[in-house]
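What follows is a short report on a single structure.
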Ligand SMILES: Nc1ncnc2c1ncn2[C@@H]1O[C@H](COP(=O)(O)OP(=O)(O)O)[C@@H](O)[C@H]1O
Ligand SMILES: [Mg+2]
């Protein structure tokens, strides 16, 4: 599975200069693990972080202006960090496989004189085969919509990197001049459809596969149309249709999945699927002490949330990266550590996704290690600051002595608010 090693974000809402994990410019940091949890108080920038990830996907799918103008972003100027006149910048470092050479993607977005957002800079870089050190070489660079791309897997622009390494094997590679007609469109969106640009195709697929979940129990409660969807959508609106898909694909596996889930949802003894006369699939929940079943509409927010996350983790072909916003809301604190443990196991599966979770619940992080927890807070300048728990003084030692991460946070050992 492809993995995000790190991301740097600049001038995106409260993320004025923000780095998570290892990037081209912060190479001394560790690459991100399979499960990344970001904790922080209200207003510390958790939603901004997940929204920034969603923004990249939206830019790729719909173009940069449409991405900026989504109702919750309100246009480029509102999205850019207040007081900044610079471009909004992203630096993404990823690996296609654990043994692949990492690829770094740079993207800068600014607005033109009329206030329209446009792509001003894009670059893809990778070390050459055998290059052990030094700056990677470019294989795509576009400034104001113009530049070049190298096709194949070993074509690189001469003189862009610094490492010695083996000379570039240029067979099968071709330097293609590029002039973008539409400055709203990412170069990787266009080149990522060409068969002989495999590196760009792979990166575009990785980025466009990111999945962000912000489950809204109320939406899962309302009845949906009959039919089947292969994946649970962002807000859980199509819960029934997703269940229908899983049931059709593997009826026996589906029943086993429901009993696994029933074991993990407190108070529920059994979950049985039933097909209505209009072909909709409904779930009957048998609860302790009640002879008649309950239905989705009757279930509490917490039960539905737990159900949705457990279902998400049953997806046989998950997205490469899953972002989950505050799964703790509406869940009992005793369930949180269980849920964190489930996410951790899911992320560590051979074909499991990388998972990035934001939370403000100390109990949730009790199941995690100092290497899996980042703390976000607001600096005195009003911008978000991020630190990894493992890098804070004394945290590793206290954790080794048996103090869980949530307790360390709760008792303020993470030094939130300190300069
Ligand atoms: N364009 C911007 N420039 C600077 N700060 C911003 C901008 N937009 C929003 N913010 C600030 O970002 C902070 C973090 O918001 P948010 O990401 O929603 O936090 P959380 O999800 O952790 O509660 C808010 O306090 C808000 O004032
Ligand atoms: Mg938020």
Matching residues in segment 19-31 (within 16 Å of ligand 1 (Cβ to nearest atom) and either more than 18 Å from the chain's Cα centre (by Cα) or modelled with pLDDT under 95 (or both)) number 0
Of the residues in segment 283-299 that are buried (at least 16 other Cβ atoms within 10 Å of the Cβ) and in contact with a helix residue (DSSP H, G or I) (Cβ under 7 Å, 6 or more places away or on another chain), the one that is farthest from residue 227 (Cα to Cα) is 296
Within segment 16-42, residues away from ligand 2 (no atom under 15 Å from the Cβ) and over 19 Å from residue 389 (Cβ atoms) come out as 16, 17, 23, 24, 25, 27
Pairing a residue in segment 72-84 that is closer than 16 Å to residue 49 by Cα with any residue that is within 6 Å of ligand 1 (Cβ to nearest atom) and outside any helix (DSSP H, G or I), where Cβ atoms lie under 7 Å and the two sit 6 or more apart in sequence or on different chains, gives 79/13; 81/13
| Flag if residue 273 is at pLDDT below 85, surrounded by 13 or more Cβ atoms within 10 Å (Cβ to Cβ) and part of a strand (DSSP E or B) | yes
| query | In this structure, is residue 282 touching a strand residue (DSSP E or B) at 6+ places or on another chain (Cβ under 8 Å) and outside the structural domain of residue 347 (by TED's automatic domain parsing)? | reply | no
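So that you can scan it fast, the table gives a plain yes or no per residue for (1) surrounded by 20 or more Cβ atoms within 10 Å (Cβ to Cβ); (2) outside the structural domain of residue 217 (by TED's automatic domain parsing); (3) in contact with a strand residue (DSSP E or B) (Cβ under 6 Å, 6 or more places away or on another chain):
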position	(1), (2), (3)
302	no, no, no
338	no, no, no
348	no, no, no
353	yes, no, yes
380	no, yes, no
When you check residue 395 against the structure, is it touching a residue at least 60 places away in the same chain (Cβ under 8 Å) and in contact with a helix residue (DSSP H, G or I) (Cβ under 8 Å, 6 or more places away or on another chain), yes or no?
no
Query raised in the report: What about residue 66, is it closer than 28 Å to residue 355 by Cβ and either surrounded by 18 or more Cβ atoms within 10 Å (Cβ to Cβ) or within 16 Å of ligand 2 (Cβ to nearest atom) (or both)?
Result: no
* For segment 43-60, does any single residue satisfy the condition of being part of a loop (DSSP other than H, G, I, E, B), crowded, with 17+ Cβ neighbours inside 10 Å and within 16 Å of ligand 2 (Cβ to nearest atom)? -> yes
Residue 65 passes all but one of the listed conditions (1) more than 13 Å from ligand 1 (Cβ to nearest atom); (2) assigned to a loop (DSSP other than H, G, I, E, B); the exception is number (2)
Being touching a helix residue (DSSP H, G or I) at 6+ places or on another chain (Cβ under 7 Å), within 27 Å of residue 18 (Cα to Cα) and more than 16 Å from ligand 1 (Cβ to nearest atom) narrows 376, 335, 331, 368 down to just 368
Residue 68 vs (1) modelled with pLDDT of 95 or more; (2) at positive phi: all pass except (2)
message: Any residue at all in segment 310-320 that's under 15 Å from the mean Cα position of the chain (by Cα), within 16 Å of ligand 2 (Cβ to nearest atom) and either touching a residue at least 40 places away in the same chain (Cβ under 8 Å) or at positive phi (or both)?
response: no
Being on the phi > 0 side of the Ramachandran plot and either within 16 Å of ligand 1 (Cβ to nearest atom) or touching a strand residue (DSSP E or B) at 6+ places or on another chain (Cβ under 9 Å) (or both) narrows 134, 83 down to just 83
A careful count of residues in segment 138-154 that are over 25 Å from residue 118 (Cα atoms) and surrounded by 22 or more Cβ atoms within 10 Å (Cβ to Cβ) gives 0
Looking across segment 311-328 at residues that are within 16 Å of ligand 1 (Cβ to nearest atom) and assigned to a loop (DSSP other than H, G, I, E, B), the single one that is surrounded by the most Cβ atoms within 10 Å (Cβ to Cβ) is 327
Filtering segment 239-270 down to residues that are outside any helix (DSSP H, G or I) and either on the phi < 0 side of the Ramachandran plot or within 27 Å of the chain's Cα centre (by Cα) (or both) yields 250, 265, 266, 268, 269, 270
Among residues of segment 32-42 being more than 15 Å from ligand 1 (Cβ to nearest atom) and in a loop (DSSP other than H, G, I, E, B), the residue farthest from residue 414 (Cα to Cα) is 34
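The values are calculated or read from the model by the stated rules, or taken from the named source; none is laboratory data. This one's a predicted model, so the numbers in the text were calculated from it and none came from an experiment. For neighbour counting, all protein chains shown are included, and Cβ atoms are generated from backbone atoms with ideal geometry for every residue, glycine included.
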